[in-house]
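Student: Can you read through this structure? Questions will come right after.
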Amino acid sequence: KVYETDKNNLIAYYNSIGNRDAIIVKDSVYFIQKKNRKVLQIDVHIDEGNTYHFGAIKFKGNTLYSDRVLHQIMGIENGDIYDQNLFTTRLEFDKNGRDLKTLYMDNGHLFFRANPIEKGIRGDSIDFEVRIVEGPIAKIGKVTIRGNTRTSEHVIRRELRTLPGNNFSRSDLIRSQRELAAL
C-alpha cells in the first residue's frame, strides 16, 4: 500500500513541476545479492511527457471583483509552470487565505463557486476559463451556544466575530472558533 502511495506521490510531484502527462511506464521490485546480504531493488521507468505552462486565465461571471483583482489573488502569471495543485489551492482553501473563495466568502458570498474549465492547449500552454457563481449574500441569523458548562455565555458572545445581522465572513468564523478554543 505504501509503495502504491509513493508511486502516486511521484506522479503528483511531476505534475507539480509542469509534467501533467507523466506516467509510470513500468516498475519492478526485486531482491539482489550485495556483499552477503539481499537488497531490495526498485526500478521505476517514467515517461515525463511535456512540461506545460499556464496560458491565459479568463474569468466569467464575476461582477463584484474585476479580472485584475482576481488575477492578483490567484498570483498565477501567463507562462508560469503548470501546477494543478497550486491552481486548485488558489481557487479555494489556501492556508494563508490567498484564494478566490476566501475573498468572496469574507464578503458574505457563502454560496460562491469557481468552476475551472480547460479551454485549450496551445503548444505547451494551457488556457483556462474560471466560471464564477457569486451567489447571494448570506447574513448571520441566530447564534446559539450549546454544550457550554465552564464559561459564562456573555464572555463567549464577547469573543464572537460572527454576530446576528452581519454578512457571513469565513475569516470571522475561523477567528471566532480560534478565540473560543483559547478560552
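Student: Work through the residues other than residue 49 whose Cβ is under 15 Å from its Cβ and net out their charges, Lys, Arg +1 and Asp, Glu -1. Walk me through the numbers before you get to the answer.
Tutor: Working: positive: 20; negative: 21, 47, 48, 83, 124.
Summing Lys and Arg as +1 and Asp and Glu as -1 gives -4.
Student: Taking a label point 7 Å from the Cα of residue 64 along the Cα→Cβ vector, which residues of segment 142-172 have an amide N closer than 14 Å to it?
Tutor: 167-172
Student: Not counting the cut sites, what is the longest span of the chain without GluC sites (Glu not before Pro) that DSSP labels loop and that have at most 16 other Cβ atoms within 10 Å?
Tutor: My reading of the result: 93-183 is the longest stretch.
Student: Take the chain, connect every pair of alpha-carbon atoms lying under 10 Å apart with a spring to form a Gaussian network, then pick out the residue of 31, 59, 128 with the largest mean-square fluctuation.
Tutor: 31
Student: Given labels modelled 7 Å from the Cα in the Cβ direction, how far is it in nm from residue 180 to residue 166?
Tutor: 1.3 nm
Student: OK, next. How much net charge surrounds residue 181 when only the other residues with a Cβ under 13 Å from the Cβ of residue 181 are counted, with Lys and Arg +1 and Asp and Glu -1?
Tutor: Spelling it out: positives minus negatives among the neighbours equals +1.
Student: Let me check I've understood the local charge: for residue 138, count other residues with C-beta under 14 angstrom from its C-beta, Lys and Arg +1, Asp and Glu -1. What total comes out?
Tutor: Result for the neighbourhood of residue 138: +2.
Student: Now a separate question. Towards the positive end of the charge dipole of the chain, with charges on Cβ (+1 Lys, Arg; -1 Asp, Glu), say which of 42, 19, 108 has the farthest Cα.
Tutor: 108
Student: On the protein heavy atoms, probe 1.4 angstrom, tell me the percent of accessible surface of the chain carried by carbon and sulfur.
Tutor: Whole-percent figure for carbon plus sulfur exposure: 50.
Student: May I ask you to give the solvent-accessible area per residue for the chain, in square angstrom, as obtained with a 1.4 angstrom probe?
Tutor: 66 Å²
Student: Which entry is the computed Kirkwood radius over Cα pairs in Å for this structure: [x] 18.9; [y] 20.3; [z] 17.6?
Tutor: Structure-derived value, by its label: [y].
Student: Run down the lysines and flag those whose C-alpha is under 21 Å from the C-alpha of residue 7, throwing out any fewer than 8 positions away in its chain.
Tutor: Reachable lysines: 26.
Student: Kindly count the pairs of lysines across segment 30-120 whose alpha carbons are less than 28 Å apart, treating pairs on different chains or eight or more residues apart as eligible. Kindly include the intermediate steps, with their values, before the conclusion.
Tutor: On the way: 58/95; 58/101; 58/119; 60/95; 60/101; 60/119; 95/119; 101/119.
Here the count comes out as 8.
Student: Okay, moving on. Contour minus end-to-end for residue 92 and residue 51, with contour as 0.36 nm per residue of separation and end-to-end as the Cα-Cα distance?
Tutor: 12.3 nm
The values are calculated or read from the model by the stated rules, or taken from the named source; none is laboratory data. Predicted, not measured: the structure shown is a model, and the values here were computed from it. Note: ideal-geometry Cβ built from the backbone for every residue, glycine included; neighbour counts use all protein chains shown. Heavy atoms of the whole protein, side chains included, go into the accessibility calculation; ligands, DNA and RNA do not. Shrake-Rupley method; radii C 1.70, N 1.55, O 1.52, S 1.80 Å.
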